[in-house]
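The values are calculated or read from the model by the stated rules, or taken from the named source; none is laboratory data. As the structure is a prediction and not an experimental result, all values here were calculated from the model. Neighbour counts are summed over all protein chains in view; Cβ atoms, including those assigned to glycine, are modelled from backbone coordinates with ideal geometry. For the accessible areas, the whole protein counts, side chains as well, though only heavy atoms, and no ligand, DNA or RNA atoms are used. Shrake-Rupley method; radii C 1.70, N 1.55, O 1.52, S 1.80 Å.
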Amino acid sequence: MPQIVFLPHEELCPDGAVVEANEGETVLDVALRNGIMIEHACEKSCACTTCHCIVREGFDDLEESDELEDDMLDKAWGLEPESRLSCQAKVPESDLVVEIPKYTINMVSEGH
C-alpha cells in the first residue's frame, strides 16, 4: 500500500503527515480522509486551482495530466514543473511526497 508524505504546512498540517493511500485514489481524497483539509472550491471537478499541490517525490510515477488540468494549472499560484491538481492526481503504486502551497488564488476559504 503506497504512502503519501505531506510536508508541513503552517495551517493544514503543521507537523506534516505520513498517511496510507489506495492506488488510484486521488491525492485530495487521501488528504481529506486524513484530516488535511486542502481547499477544493469546485468540488473536485477540475474547474479551479484551489487544490494545487506540488509533488516533490514520485511525480514521474503519476499518470500524465490531461489538457483540462494543464489549462487550469496555468492559473495556479506558485506553479512549478511538478505541480498538479490534487483532485486529479491519482496515487500510483509507489509513494509520494507532496507539498501543499501556502497560498491559493482563493482569498477566502470555502470551509469544507
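Below are the figures for this structure:
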| item | result |
| --- | --- |
| Antiparallel content of DSSP bridges confined to the stretch 1-108, in %, to 5 | 80 |
| Inverse of mean 1/r across different Cα pairs in the stretch 46-87, Kirkwood, Å | 10.3 |
| In Å², nearest 10: area of C42 left accessible to a 1.4 Å probe | 30 |
| Globularity ratio of the stretch 1-49, using Cα Rg and 2.2 N^0.38 Å | 1.16 |
| Length-normalised contact order of the stretch 1-97 in % [C-alpha pairs under 8 Å, at least 6 apart] | 37 |
| Per residue accessible area in Å² of the stretch 1-107, where ligands, DNA and RNA are left out and the probe is 1.4 Å | 54 |
| Trypsin sites (Lys or Arg not before Pro) restricted to the stretch 1-96 and DSSP loop, no more than 14 other C-beta within 10 Å | K75 |
| Sequence of L79, L12, L28 when ordered by accessible area, the most exposed leading, probe 1.4 angstrom | L79, L12, L28 |
| Shape call, the stretch 24-101: gyration tensor on alpha carbons, a/c limit 1.5 | rounded |
